[in-house]
Each structure stands twice: as structure tokens, then as C-alpha cells.
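Input: a single structure, listed below in C-alpha cells.
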Number of protein chains: 2
Amino acid sequence: MEGEEKVFIIGLGLIGGSLALDFRKQNEQAVFFGIDTDENHVKEALERGIIDRQADWKQVSEADWVVLAIPVDKAVDVLPEVLDRINENTVVLDVGSTKEQICKVVENHPKRRNFIATHPIAGTEFSGPSAAFEGLFEGKTNIICEIEKTAFGIQEKALQLFKKIKMRIRYMDPKAHDKHIAYVSHLSHISSFMLGKTVIAEEQNERDIFDMAGSGFESTVRLAKSSPAMWAPIFEQNKTMVLKSLSEYIENLNHFKTLLETDDYDSVYAEMEQTNRIKEILKGIHLKKELSYGE
Amino acid sequence: MEGEEKVFIIGLGLIGGSLALDFRKQNEQAVFFGIDTDENHVKEALERGIIDRQADWKQVSEADWVVLAIPVDKAVDVLPEVLDRINENTVVLDVGSTKEQICKVVENHPKRRNFIATHPIAGTEFSGPSAAFEGLFEGKTNIICEIEKTAFGIQEKALQLFKKIKMRIRYMDPKAHDKHIAYVSHLSHISSFMLGKTVIAEEQNERDIFDMAGSGFESTVRLAKSSPAMWAPIFEQNKTMVLKSLSEYIENLNHFKTLLETDDYDSVYAEMEQTNRIKEILKGIHLKKELSYGE
């Protein structure tokens, strides 16, 4: 980013807000414009210095950058409208957790080459501009889909910026992205939400149950704090793969239940021992991420 | 703790080791003796200053304190033997995650009054003396069962020590403990282990899937690093309540799956929104814990 660029952030939540904060560090002369359907978010983003000005749709034609950071059901409607309005040098990027439908919806758009489809694997269970913070993306993976459909000049600008905020870049086709992310992200959210539901239901009969909760429960149930407005559309757009991973999860739980019912504790032990491999796998990821910083 | 007391730690893992480190800070004159079936654990505990000496069973008769921190299936065998050997002033405590069977197994023991059944709700996903650290128990809850069956002098000594290491004390009967803990702890471990299993199985077909994992997945799958030697016996001892909570969890997952299959995203949204309550619940716990420090 260079000079007095105009950056439009559409959706002033955790991701949009944090990207604005990080981008601003790369170009202090840039002016940040915000658009959000929630007026309180606009106000808060102005107060926190995430954006400099509230913008309206007409101004999008002046943008050098447009970041689309809204729920995935809204993004598929808004992206074509953004592309309709921009000039030929504008970089448009989305950051949604599903990539197949958003790529599909603009595949024949005359400005397709201005768009770069990204999924920064970063976030917390909190939402809104108050949850945004600098440095959220450092060392995190950004998955970019259909890079070959983005114009070379646009690719270059976007990739430079992602590298400056220290993200690792991975390329993937949208279908493979949506399939894999169902396992390593979407399923975790369902498992966490339903765990929370199960324990809350029990608490209605038994008071003070949460007084007994330790850090293990908190860790497993953390994602159940996530925003339904963000997650319901993700499950809808990725329905097939989410259902596949969820069915396999339920099958594994049922199998474990049968082992307990039949007092087969050797197999219970073996199931857990085999899954302990996750330790090395997670260690391996951290190592890989450290090694590939700024590559 | 006062003077040159002899403290026997049976089981030099995360909990036994961390308790030793915290107890030592309360009485630097005390001498710590360690017993563990794993010679490497004894060696490591000596090297880390967790214990001063390795002990054998015969010496237990000299103990002022005995801490039983071994898997719950071993604890029900070892506790009566410990009680057989101790003198009338020895404080014996266990720290297991199930309380019904251990209380049951010594209910008629002539030295029952020397025993205090405790469950410190503290730990990490790591195990062994290398995982032990000072301060693990600060601000954590310790659930004590059947306090009325412990001699007054023994109660007093143990409670003073727990307060000194800044634990909150809660009293509960063993049956209620085992029921509630199934929901807020044991179930989380199963949900995490089976999530890990599901994703590992998918990875066998699809390489690099873990490269896409973010902090959400890590948080939900963290407990799948836990020790099978510790957890298989817990599931066995608490089979009935674990199965009850697991069945309810599977039922909730199946319901969520049906909502997705029938494209009922309004209900998907509502399920998540209702479960978002967990935010306030968890905040409430932290507040309560802060307020009751050292009470």
C-alpha cells in the first residue's frame, strides 16, 4: 500500500476491523472508509480509529481497496454489486469461511479479475469492532482460491500486503477448501455449540454445575460463544461437507458409546491412545508455521 | 504444615507433582517422599526438586501426609493399603476425578476418618512430573466429598493447606459430584477425543488438512492430548453418568444434523443463539471465583 489510498472496509467486525488496523500500519497515509448495516458498529469503529469516515455505496467507485468482511450469505449478494461499481485498478477481497459459492457467483462477472478470494484462518470467539485488534493475522495462514482468475497486478498488490502483515499464503481450489475446512473448523463449532447446549440443559435441573467447570470445559466450549449471524450462513453454504463431517463425528461418538456400554475399556484406551497423535500433529503445524514466516 | 513433616506423594504426575511444589512453599522444612511405578518419573521428580527422596511402601507408616495422585482404578486398590499402614494422625487425601467408588471402598475401613476425598478441578492436557508446576491450584475449585466422615483434626489440617494454596472449597456428596462432573469434564474429553479421531481419519485421505487448522480447532481438540491411562478408568468408574451425558450430546448433534438436512436455518440460528448464554455463564464463574479467593 502506498500514498493516499482509499480503503473501504465493508463489515466492521472482528476480521474487517483487525485487517483495517493492520493495513493502516503498512500505510499511514491511507484513508479508511467504513460501511456497516449496524450504526453502532460504525460509531465504534470511528471511535477506535479503525476507520476515518463512514462511507456510502456510491463512494465505492473511488476505492483503491475493498475488503468484504460480512457474513457469507450477505457476501454473495454484495460482491457482484461492489464489482459493478469499482474502477479497473481496485483490489477487491473477501475473507469468508466458505469459498465455493462466492467464487461461483462472480465467475462470469466482467470485473472478476479485480477480485481475490481469501480465507484468513484467524479469529477469536468474539465479534464486532470492539473485538478487533492489531496483529491478529501475524503468523496465520491465508488460503487463497482461484488465484489464476485474479489479474496479475491485483494478485501482486494483495500478496504483498498479506506478506507485510506476516501471513503465510496457501493456494487451494474452492471445492477442496470448503471440504477440508468443514473438518478443521466448521465441525469444531458444531461440537462446541452442542456441548454447551447439553451442559446448559443439565444445569436447568442441577444448580451450580458450572461451579465445577475447569479449563478443559472452557476450552472445549469456547467456540459456542461465536456469532450465529456469522455461522448459520456458513453451515448453509457448506451444507454437504458439514453434514459429511458431522455424520462421521456422530458415528465415532456412537462407536465410543458402544465400547463403554459393552465394558470394552481396552478399546476405549486404544481409541484415545491413537488420537493422542494429535499432539505431534499440532506441534508439527506450529513448527511449519514458524519456519514459513515471511516466506 | 509445620516442622519437619513427612509428605508422601504417591503418583508423581502433573497433579501429584504440582501439589508437592505448592505444599513445599507452605513448609520448607517438610521432607517429600515419592512413590511411582514408573522409575523415570521418580528420577525426574528428584531432579526437578518435586521430591527429596524415593520411598517404599514400608515407610508410609511414618507419613504425616499421604497424597494419592494415581489413576482412579489404581487409587481404589491402593487407598485401603495406605490406610492399613498409617498412624492415627496421618492426613490421607486423594485427588481423583471420580468420588463415588473411592468413598465406597473405604466406607468401613477403621481408618476412614484419616481420609479426605478431594477433587481439585485443575490440570492441563499434559502429564508426568515434567508437566508439574507451581501455582496450578491458585483460584481453582477443590470439591470435597463426605467431609463429615473425616476426623475434625484431619479436616482442619487439610482445609488450612488448601486455603493457603488459594483453592476455593466446595462440599458435595460423591454421587452428585460424579453426576455433574460427567457433564462439565468427562463429556468434554470424549467430545474432544472423537473430534480428533474424525479429523485424523479424514487427513489419511487428504494431505495438509491440518495446515488449515486455526486456534478454534486447537482449542476444541486440546483435551484429546490427555492421558488414556488416566481417562479410561475414569470413564469406567463413572460409566452410568458418562453414558447419560454422552447420549444427550449425541441426541443434540443428531437434532442439529436434522435441522441442516431440512434446511431449517432459522432453527440452526436459534440453537446457536440460545447456547451463546455460555458466555455469561463462564463470565459468571470467573467472577465468582475472583470474589471467593481465600474465603
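The values are calculated or read from the model by the stated rules, or taken from the named source; none is laboratory data. Here the structure is a predicted model, which is why all the values come from computation and not from measurement. Cβ placement follows ideal geometry from the backbone for every residue including glycine, while neighbour counts extend to all protein chains displayed. Note: areas computed on protein heavy atoms with side chains; ligands, DNA, RNA excluded. Shrake-Rupley method; radii C 1.70, N 1.55, O 1.52, S 1.80 Å.
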With the first residue restricted to region A:33-45 and required to be among the acidic types (D, E), and the second required to be assigned to a helix (DSSP H, G or I), Cβ contacts under 7 Å at 6 or more apart or on different chains are A:D36/A:V42; A:E44/A:P129; A:E44/A:S130
Flagged in region B:190-219 as more than 7 Å from chain A (Cβ to nearest Cβ) and in contact with a helix residue (DSSP H, G or I) (Cβ under 6 Å, 6 or more places away or on another chain), in numbering order, are B:E203
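Could you tell me whether any residue of region A:261-268 is β-branched (V, I, T), in a helix (DSSP H, G or I) and either more than 30 Å from A:V76 (Cα to Cα) or touching a helix residue (DSSP H, G or I) at 6+ places or on another chain (Cβ under 8 Å) (or both)? It would help to see each step written out before you state the result.
So in region A:261-268, the residues β-branched (V, I, T) come out as A:262, A:268.
Cutting the leftovers down to in a helix (DSSP H, G or I) gives us A:268.
Filter once more, keeping what is either more than 30 Å from A:V76 (Cα to Cα) or touching a helix residue (DSSP H, G or I) at 6+ places or on another chain (Cβ under 8 Å) (or both): A:268.
Scanning region A:261-268, I find at least one residue that is β-branched (V, I, T), in a helix (DSSP H, G or I) and either more than 30 Å from A:V76 (Cα to Cα) or touching a helix residue (DSSP H, G or I) at 6+ places or on another chain (Cβ under 8 Å) (or both), so the answer is yes.
Before we move on, is A:T118 among the hydroxyl-bearing types (S, T, Y), open to solvent by less than 10 Å² (accessible area, probe 1.4 Å) and under 12 Å from the mean Cα position of the chain (by Cα)? Reasoning before the result, please.
Values: among the hydroxyl-bearing types (S, T, Y): yes; open to solvent by less than 10 Å² (accessible area, probe 1.4 Å): yes; under 12 Å from the mean Cα position of the chain (by Cα): yes.
For A:T118, the condition - among the hydroxyl-bearing types (S, T, Y), open to solvent by less than 10 Å² (accessible area, probe 1.4 Å) and under 12 Å from the mean Cα position of the chain (by Cα) - is met.
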Looking across region B:220-260 at residues that are more than 8 Å from chain A (Cβ to nearest Cβ) and under 16 Å from A:T258 (Cβ atoms), the single one that is least open to solvent (accessible area, probe 1.4 Å) is B:K244
Conditions (1) modelled with pLDDT of 95 or more; (2) closer than 25 Å to A:A213 by Cβ; (3) β-branched (V, I, T) -> B:T141 fails only (1)
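Which residues, counting only those in region B:267-284, are more than 29 Å from B:K179 (Cβ to Cβ) and either hydroxyl-bearing (S, T, Y) or assigned by TED's automatic domain parsing to the domain that holds B:Y183 (or both)?
Scanning region B:267-284 gives B:S267, B:Y269.
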Subset of region B:220-262, residues farther than 21 Å from A:I250 by Cβ and among the hydroxyl-bearing types (S, T, Y), comes to B:S226, B:S227, B:T240
A:D266 vs (1) more than 7 Å from chain B (Cβ to nearest Cβ); (2) surrounded by 18 or more Cβ atoms within 10 Å (Cβ to Cβ); (3) closer than 18 Å to B:N238 by Cα: all pass except (2)
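Going by what's in this entry, would A:A132 be described as of a type outside the set (D, E) and closer than 24 Å to B:D211 by Cβ?
Values: of a type outside the set (D, E): yes; closer than 24 Å to B:D211 by Cβ: no.
No: the conditions fail for A:A132.
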Checked region A:68-94 for anything in contact (Cβ under 8 Å) with a residue 60 or more places away in the chain and among the polar types (S, T, N, Q); matches are A:N89
A:A182 passes all but one of the listed conditions (1) open to solvent by less than 10 Å² (accessible area, probe 1.4 Å); (2) within 8 Å of chain B (Cβ to nearest Cβ); (3) not aromatic (F, W, Y); the exception is number (2)
